[in-house]
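See below for the structure under consideration.
The values are calculated or read from the model by the stated rules, or taken from the named source; none is laboratory data. All of these numbers come straight from a predicted model, not from anything done at the bench. As a convention, Cβ positions derive from the backbone with ideal geometry for all residues, glycine included, and neighbour counts pool all protein chains shown. All accessible areas refer to the heavy atoms of the entire protein, side chains included, with ligands and DNA or RNA removed. Shrake-Rupley method; radii C 1.70, N 1.55, O 1.52, S 1.80 Å.
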Amino acid sequence: MTERMVKRKQRSDKKIPIAPYIPEVYKVWIHRISNVLNISEGEVGALLVSTAIQNEECLRFFSNFYKRDYTVGNITFMGHMDAKRIEEYFDVTDFRVRFKVRVNKVINDKLSEYQIALGTSYLSHATHALLKYALHKDSLMNRIAPGVDKQAMLLNAQPLGGQTTHTSAPAVIVEASHSEVLQTNKVNLKEDVIHSQDTSHSVWSVLHRKGGK
């Protein structure tokens, strides 16, 4: 029994899987980043999440969503019972796919505390929020994948699934005061409206269209 316990302790660094449902277009972006960095999509996802959860500006952005007090280092974000639900941050109209990331115990513990502060029952929702933020935040993307051409990453990455969608995804950076909007970054994939009626194609078909990888 003791030997088994020792073996389990030795595997405490085992990666913990989290599988949020994210817009399919994010999967295309992540695939292209993985090609540039020459690492797996799951590793890209873990890199995005771990960078975001340890970024103070990111945590301040979500201060309007904290339902419980959230302490990170020497900073405490005050929670509010009437704070927004983190699900309000998602665009759930686009076709979504399951995306699995694996994080180490240190990052998983940070994600768990973040989840508690958000007041959501789903760790996957907390993870989805961080993925979305990281993909839309230029300063984080430049740190994670400085060699990625953003316009090339977005090219022809319109949503599938028979949706009619405006391909514009705004991200607003909000300070801890809850009222001061510091900056608005818009990621415009294309100015016109995309009409996609063919639901038989997978996300990989997008990559082989003109301009894709």
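Find out how many positive minus negative residues lie around residue 99, taking Lys and Arg as positive, Asp and Glu as negative, among other residues whose Cβ is under 13 Å from that of residue 99. Kindly include the intermediate steps, with their values, before the conclusion.
Working: positive: 27, 96, 98, 100, 102, 132; negative: 24, 41, 43.
Here the count lands on +3.
Per residue, the stretch 66-142 exposes an accessible area of 52 Å² to a 1.4 Å probe, with every protein chain left in place. Local charge for residue 44 was computed over the other residues whose Cβ lies under 11 Å away, with Lys and Arg +1 and Asp and Glu -1, and equals 0. Net charge of the neighbourhood of residue 18, taken over other residues with C-beta under 11 Å away and scored Lys/Arg +1, Asp/Glu -1, is +4.
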